[in-house]
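What follows is one structure encoded as structure tokens, with my remarks underneath.
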Amino acid sequence: LDTIASGLSSAWGMTFLPDGDMLITDRNGSIYRVDRNKQKEKVTGGPEVLAEGQGGLLDVELHPKFAQNQLIYFSYSAFKTVDGTKLSTTAVMRARLMGNMLTDQKVIFEALPYLKTRHHYGSRLEFDRNGFLFVSVGDRGQHQPLFPQSVENACGKIHRINDDGSIPADNPYVKQDKAIASIYSFGHRNPQ
């Protein structure tokens, strides 16, 4: 066993850069770059996260053409306050990595609706060979009948989006009335 990095609160996701450096997300919202000599440096410019319960900064994934465009994707628990109540959801931010700084940040996905619960965000990211980004979203603890089975909400689903957040024209429910167009599969409890 070899310790690569220490001093992390709750490491959640990691990915390797082409030069061999590793990016690590910490659920508290911190992003670290660790080089081959195990030197850890903080990366600035990440998303503002709700680090409560199972929420926070979660997965990280490189764009398939990262060497050309330096684009990175982060999943996290986003939040907003409505009528004095803090609500949260799973979101995905795309940003460009310039050294140890993120620029050109853009939120490309939000799993609606925002909810009061602080668990089952899901939140894994993966690109397929065709360049589609898959995003897992948990049921957010909504156990009432049909919530994860309904295509009218984003929870308890696997979503498929283009690298800019737009919706692929051949997604299964893209033409179904009231359905969330990004849904690729549904009925999942918490695909972490």
Could we say that Phe109 is aromatic (Phe, Trp, Tyr) and over 22 Å from Gly156 (Cβ atoms) here? no
Tell me the residue from Gly46, Gly55 that is surrounded by 13 or more Cβ atoms within 10 Å (Cβ to Cβ), in contact (Cβ under 8 Å) with a residue 60 or more places away in the chain, out of contact with any Pro (no Cβ under 8 Å at 6 or more places or on another chain) and not basic (Lys, Arg), please. Gly55
Just one listed residue, out of Phe79, Phe109, is over 20 Å from Ser185 (Cα atoms) and in a strand (DSSP E or B), and it is Phe79
Which residue pairs have Cβ atoms under 6 Å apart, sit 6 or more places apart or on different chains, and have a first residue in segment 131-153 that is in contact (Cβ under 8 Å) with a residue 12 or more places away in the chain and a second that is aromatic (Phe, Trp, Tyr) and assigned to a loop (DSSP other than H, G, I, E, B)? Gly138/Tyr121; Val151/Tyr173
I'd like the full set of residues that are surrounded by 13 or more Cβ atoms within 10 Å (Cβ to Cβ) and outside any strand (DSSP E or B), limited to segment 123-144. Ser123, Arg124, Phe132, Gly138, Asp139, Arg140, Gly141, Gln142
Where Leu102 falls short, out of the listed (1) assigned to a strand (DSSP E or B); (2) without any contact (Cβ under 8 Å) to a residue 60 or more places away in the chain: (2)
Count - residues of segment 88-113 that are of a type outside the set (Gly, Ala, Ser) and open to solvent by 30 Å² or more (accessible area, probe 1.4 Å): 13
Restrict the check to segment 124-131 and report whether at least one residue is within 16 Å of Leu57 (Cβ to Cβ) and modelled with pLDDT of 95 or more. yes
What's the number of the only condition in (1) open to solvent by 60 Å² or more (accessible area, probe 1.4 Å); (2) in contact with a helix residue (DSSP H, G or I) (Cβ under 9 Å, 6 or more places away or on another chain) that Ile72 fails to meet? (1)
Could you list, in sequence order, all residues of segment 20-36 that are assigned to a loop (DSSP other than H, G, I, E, B) and either open to solvent by less than 70 Å² (accessible area, probe 1.4 Å) or modelled with pLDDT of 95 or more (or both)? Gly20, Asp21, Arg27, Asn28, Gly29, Ser30, Asp35
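The values are calculated or read from the model by the stated rules, or taken from the named source; none is laboratory data. All of these numbers come straight from a predicted model, not from anything done at the bench. Backbone-built Cβ (ideal geometry, glycine too); neighbour counts: all protein chains shown. Only protein heavy atoms, including side chains, enter the accessible area calculation; ligands, DNA and RNA are left aside. Shrake-Rupley method; radii C 1.70, N 1.55, O 1.52, S 1.80 Å.
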